[in-house]
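Just so it is clear, none of the values below were taken in a lab; they were calculated from the coordinates. The structure presented is a predicted model; accordingly, all values stated were derived computationally and were not measured. Methodologically, a virtual Cβ is constructed for each residue, glycine included, from the backbone with ideal geometry; neighbour enumeration extends over all protein chains shown.
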Amino acid sequence: MWSKIYLAILAVACLVMAFFTFYSWSWLQSIGLPAAAVAGYEYHSGLAWPALWIATIALLVLGNAILWAGGRAWAMWVTFLYFSVFVIIRYFWLDQVFFQFKKTNGLFDGSFSVAPLMAVILVVLMAAIVFFDQFIVLRLRAKTYPVAAAQDDAPAESQEEEKAPDPE
């Protein structure tokens, strides 16, 4: 059940972020006033940022529930992938297009953007958060359910040997 809820929220979160990404980009393709295009871009990309964080936190909480209930961490790493993909799209592509748009239209005098560096820092930070969160949840699960955790950790071969009847 947790997996289905997780996948539904993931699909909605991906659609919301795809919409905000596309709509922000479409403002930069505007043929109107550059100042109006910048305002539209900043408004919609500004809405995307909290949406990304809220969805990531919700997915991480559900990922914790899936890990606790079933002992599988796939949802936590899918959450990391979701966050990373949209951060990379935003900072490596969308903000670079915005930077070039402002530079082309004389709205900015800078020579370089620090957005890609920020993206790398955020992705590494999120990887560390997911790793340590997984570690903590697995340790707490092992302390709460010591017998179940020991059975989960046992090699598959020894479990098959225990189930097989003695041939003698």
Expected unfolding gain across Phe135-Ile57 under the 0.36 nm per residue rule, minus the alpha-carbon gap, is 26.4 nm
Whole-Hz Karplus couplings 3J(HN,Hα) for the stretch 14-24, θ = phi - 60° and coefficients 6.51, -1.76, 1.60, Gly and Pro as x, run 5, 5, 4, 5, 5, 4, 5, 5, 5, 5, 5
With the 8 Å Cα cutoff and a minimum separation of six or more residues, the stretch 1-112 has a relative contact order in percent of 27 percent
In order over the stretch 120-126: 3J(HN,Hα) from phi, Karplus 6.51/-1.76/1.60, θ = phi - 60°, whole Hz, x for each Gly or Pro, gives 4, 4, 5, 5, 5, 4, 5
To the nearest 0.05, the calculated FRET efficiency linking Tyr43 and Val124 through their beta-carbon distance, R0 being 30 Å, is 0.55
Computed over the chain, the Cα gyration tensor eigenvalues, each multiplied by 5 and square-rooted, give semi-axes in Å (largest first) of 46, 15, 12
Taking Lys102, Lys4 and counting other beta carbon atoms within 10 angstrom, the fewest-first order is Lys4, Lys102
For the chain, the longest principal axis of the Cα atoms and the Cα long axis of helix 74-88 enclose an angle in degrees, to the nearest 10, of 10 degrees
For Leu7, Leu122, ascending order of other Cβ atoms within 10 Å (fewest first) is Leu7, Leu122
For the stretch 33-49, Karplus-derived ³J(HN,Hα) couplings (6.51, -1.76, 1.60; θ = phi - 60°; whole Hz; x for glycine and proline) come out as 5, x, 5, 5, 5, 5, 5, x, 4, 5, 5, 6, 6, x, 6, 5, 5
